Amino acid sequence: MKCLGFSGWCAVFGGLLMLGSAEAGELSLARPFGSHMVLPMERPLPVWGQGEAGKEVTVAFGGRTASATVDAGGNWRVQLPALGASSRGRELAVRCGKESIRLDDVLVGRVWLCSGQSNMDFPLGRAVGGKEEAAAAASFPGIRLCNLTGVPTDARRYDEATFARLNERDHFQGSWQCAGQAGAAAFSAVAWWAGKTIHEASGVPVGLVENAVGGSGAEAWLPRDLLQSEEHYRSLAGGGWLDCGQIGAWARGRARQNLGDRLEGEHPFKPGFLFESGVRAWAGFPFDGVLWYQGETNAEIHDDAWNERLIRDLVTGWRAGLQQKDLPFFMVGLPRIGGTDPLRRWWPEFRAVQARVAADVPGVTLVPTVDLGWDSPDVHPPDKRPVGVRLGEKVVGLQNQSGK
């Protein structure tokens, strides 16, 4: 099937796969996999999912096959040999007894996880020049988008439908799609322009996975096992996180507003929740790297040592959780901002923290943007193209240096 967007059974079927709604024992693929996706190039390709215990599962793609037996817990995993980049959409087929799954229009190229808070989540359709860019998105069939959207964190009390999504399985929803006007307009502007820059420079397909959440602090993106095992995170790991002074007052206040009288429940800002609901399911998927734009929330806390620890532990925690010990991180520095809002007074110190982490932690690259901000007190500069292009150019430059 060619790239036709979200029409017909492909979109419905792909969405079901992404949400992990298969019944126990039913053949299914894990969250990363869907029609129109990009598989990583030049490295072994793990494919996994669930099925009936004891049955054999066979996966075929690109003339290669691999088989495995479903374990007692209903899980299976195979590994296909590495493949070169391919812009030709091919079928990935999974069989288990009489059951089968077919993913259509699967490419092979480079895949990036695009994460952070609202400036990463800022949609292309709202950015300067973004509507025109989105209108031309279909001209780039080699760019594929997976927009994983969490519950909103705007100023309101959640309704019952939103509360029902606040669990690790259902919080992020979305699936792979081809680049088209509607999908691109709703996608991260920074990630789009970064991915387009990488695609045009390399000539290979690019897959972009976005799971950014507005207002989220780094603590929400830390793995829960790390929070529970480290003494210095004891105040975050317990049930009293809404009273923890190491989380900014704005974030805690917004969470209380969203939760109302359900203060013991999950929330996108709760330490560990975003990693467990939005990152953990991708463990073992070989990303080319992470495009990270976050820090506005944590910069409200004037504790440089604490903020530096958060960023370092986020990088090491993601590398461990995603099972990629050398996973590259490209970290966007906070831009210039105007006004006298006291919440922004420590941004210069936070930029220095970001720079120290990039200088000290191997595989972390800082992308400074202090010159790309603006004089408004609004935390969301709408001209995202220069940021995205600079981010993409930094990626391309390092790839060229390494010969990849």
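The values are calculated or read from the model by the stated rules, or taken from the named source; none is laboratory data. All of these numbers come straight from a predicted model, not from anything done at the bench. Cβ sites come from the backbone with ideal geometry, for glycine too, and all protein chains shown count toward neighbours.
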Cβ-Cβ under 6 Å pairs, at least 6 apart or on other chains, the stretch 353-364 side over 18 Å from Arg319 (Cα atoms), far side assigned to a helix (DSSP H, G or I): Val353/Asp304; Val353/Asn307; Val353/Glu308
Subset tally (residues that are in a loop (DSSP other than H, G, I, E, B), more than 26 Å from Trp347 (Cβ to Cβ) and of a type in the set (Gly, Ala, Ser)) for the stretch 237-294: 7
Test result for Asp313, charged (D, E, K, R) and more than 24 Å from Glu168 (Cα to Cα): no
Output for the stretch 359-404, where each listed residue is in contact with a helix residue (DSSP H, G or I) (Cβ under 9 Å, 6 or more places away or on another chain), among the aliphatic types (A, V, I, L, M) and in a helix (DSSP H, G or I): Val370, Leu372, Val387, Val389, Leu391, Val395, Val396
Filter result for Val12 (more than 21 Å from the chain's Cα centre (by Cα), buried (at least 22 other Cβ atoms within 10 Å of the Cβ) and either modelled with pLDDT of 50 or more or not assigned by TED's automatic domain parsing to the domain that holds Glu168 (or both)): no
Flag if Lys384 is under 14 Å from Trp292 (Cβ atoms), in the same structural domain as Ala305 (by TED's automatic domain parsing) and of a type in the set (D, E, K, R): no
Gly265 vs. criteria of a type outside the set (Phe, Trp, Tyr), modelled with pLDDT of 95 or more and within 29 Å of Ala186 (Cβ to Cβ): no
The stretch 335-353: number of residues that are in a loop (DSSP other than H, G, I, E, B) and touching a Pro at 6+ places or on another chain (Cβ under 9 Å): 7
Residue ranges of helices (runs of 4 or more DSSP H) in the stretch 138-212 with at least 3 members buried (at least 17 other Cβ atoms within 10 Å of the Cβ): 181-186, 189-202
Which numbered condition Arg169 fails, given (1) over 23 Å from Glu296 (Cα atoms); (2) modelled with pLDDT under 95: (2)
Any chance Thr149 is closer than 16 Å to Cys114 by Cα and of a type in the set (Ser, Thr, Tyr): yes
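Okay, residues lined up against (1) outside the structural domain of Gly388 (by TED's automatic domain parsing); (2) under 24 Å from Gln324 (Cβ atoms); (3) free of Cβ contacts under 8 Å to residues at least 40 places away in the same chain; (4) not aromatic (Phe, Trp, Tyr):
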| residue | (1), (2), (3), (4) |
| --- | --- |
| Pro46 | yes, yes, no, yes |
| Glu52 | yes, no, no, yes |
| Val59 | yes, yes, yes, yes |
| Trp76 | yes, yes, yes, no |
| Arg126 | no, no, no, yes |
| Glu132 | no, no, yes, yes |
Residue among Val379, Val370 that alone is surrounded by fewer than 17 Cβ atoms within 10 Å (Cβ to Cβ) and over 20 Å from Val396 (Cβ atoms): Val370
